[in-house]
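**Q** Let me give you the structure first, and then I'll get to my questions.
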Amino acid sequence: MEIVHFKISGHSTKRNWAVYLFIASPIDGKGIKKVYVGKVGDNRDGCNPVISRVGNHFSYNKIHSQIRNKISETENYDYEYFYCHFGKYESDEKLRIKSRDKTNELERELNRIVQKRIDKNSYELMNPFSGKTISKRKRAERAKLINESEKICWKSFVKKHYRQHRV
């Protein structure tokens, strides 16, 4: 029997819109680290706290477990989870749809930035966003959802973790 523990931040239990970066590092220090960019806030309805999303990544339910789907022996990795909240989940449907769309674009923007910065010799982005099938009109609409300061925030977020992890 082995007794272990980990600490859960109260901040991670908020029902807020969030985008995150998950880094999986092999415990033995050998091999490629794996990176996953994601968000909380279902595309239909709902928004669970980031701590719930973390747990779902390791579920045996293939719909929720993007990490387990990509890494079969999850126990051979240690994980770091970096996230940023972008406001409370709204009960008003119009506000909720607007926030969900913005969160989706923030996730795509973080994914694009990671793709530009990632050291492919040491890291694998498990879910690269291509956007190849998106029309120019739709792309322009989506670009209006986030502002320049939010893009700068993501760039500094990635730069900070790039120095620490070489992402």
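**Q** Taking only Cα atoms of the chain, what ratio of Rg to Rh do you get with Rh as the Kirkwood inverse-distance radius? Walk me through the numbers before you get to the answer.
**A** Details: Rg = 16.4 Å, Rh = 17.0 Å.
Computed over Cα atoms, the ratio is 0.97.
**Q** Let me test this: with uniform point scatterers at the alpha carbons of the stretch 1-81, what is the Debye-based log₁₀ I(q)/I(0) at q = 0.11, 0.23 1/Å?
**A** Each listed q maps to, in turn, -0.32, -1.23.
**Q** Still on this model: Just to check I understand the Karplus step: with θ = phi - 60° and J = 6.51 cos²θ - 1.76 cosθ + 1.60, what whole-Hz values come out for the stretch 79-93, glycine and proline as x?
**A** Result, rounded to whole Hz: 10, 10, 10, 10, 9, 9, 7, 10, x, 6, 5, 9, 7, 6, 4.
**Q** Right, next: Taking θ = phi - 60°, what integer Hz values does the Karplus form 6.51 cos²θ - 1.76 cosθ + 1.60 yield along the stretch 14-25, in sequence order, with x for Gly and Pro?
**A** These are the phi-based 3J(HN,Hα) values: 5, 8, 10, 5, 8, 10, 9, 10, 10, 10, 10, 10 Hz.
**Q** What residues of the stretch 68-108 lie in the reach of a label at E2, counting those whose backbone N is under 16 Å from a point 7 Å from the Cα along Cα→Cβ?
**A** 73-79
**Q** Here's a follow-up. Taking the Cα-to-Cβ direction at E93 and at H64 and moving 7 Å from each Cα, how far apart do the two end points lie in nm?
**A** Between E93 and H64, the label points sit 2.6 nm apart.
**Q** Select from K136, K94, K144 the residue whose mean-square fluctuation is largest in a Gaussian network model of the chain (Cα-Cα springs shorter than 10 Å).
**A** Comparing K136, K94, K144 in the GNM, the peak value goes to K136.
**Q** Dipole size in debye (nearest 20) for the chain around its Cα centre, Lys and Arg Cβ +1, Asp and Glu Cβ -1? Don't skip to the answer; put the middle values down first.
**A** Values: 36 positive and 20 negative charges, 183 e Å.
Magnitude of the dipole: close to 880 debye.
Here, each number is a calculation from the coordinates, and none is a lab measurement. Since we're looking at a predicted model, the values are computed, not measured. As a convention, Cβ positions derive from the backbone with ideal geometry for all residues, glycine included, and neighbour counts pool all protein chains shown.
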